[in-house]
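A.B. asks: The structure is given below, and queries will be raised subsequently.
Values in this text are rule-based calculations from the coordinates and carry no lab data. For clarity, every value in this text was computed on a predicted model and none was experimentally measured. Don't worry about glycine lacking a Cβ; one is built from the backbone with ideal geometry, like all the others, and counts go over all protein chains shown.
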């Protein structure tokens with residue numbers, strides 16, 4: 001009986017292990033932190049206006065993001081589609097993206113305020129000619 005129980009337990013463990021694996025999970029899935037960083041930058045690029053872009057194309061900036069993180073567009077898209085199939089966790093990741101964008105915006109605003117304040121406190125230069 002003990003041998004049959006061990007045999008049954010072994011197959012049960014195998015069945016559980018197989019059922020826990022996700023067949024749709026890409027082999028080259030990005031880790032969540034890297035995904036969030038890339039996603040953040042892509043969202044920022046999509047929000048830029050044509051005036052902000054100037055002569056630079058959106059496509060060029062997107063390529064630069066993929067190059068910066070050493071990730072192909074296909075790999076990012078596979079990871080993105082996989083993560084989207086987990087709605088609750090994806091909402092958490094999107095919250096992280098929003099928090100990163102807010103932090104970047106706040107840092108930019110602080111620097112802008114410092115620059116503006118510095119310009120206000122500098123004495124005006126008089127033209128002596």
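A.B. asks: If I ask for residues that are outside any loop (DSSP other than H, G, I, E, B) and more than 16 Å from residue 80 (Cβ to Cβ), which ones from the stretch 20-43 would you list?
C.D. replies: 20
A.B. asks: Tell me which residues, restricted to the stretch 44-67, are without any contact (Cβ under 8 Å) to a residue 12 or more places away in the chain and assigned to a helix (DSSP H, G or I).
C.D. replies: Hits for the stretch 44-67 are 47, 50, 51, 52, 53, 59, 60, 63, 64, 67.
A.B. asks: How many of the residues in the stretch 69-85 are free of Cβ contacts under 8 Å to residues at least 12 places away in the same chain and in contact with a helix residue (DSSP H, G or I) (Cβ under 9 Å, 6 or more places away or on another chain)?
C.D. replies: The total comes to 3.
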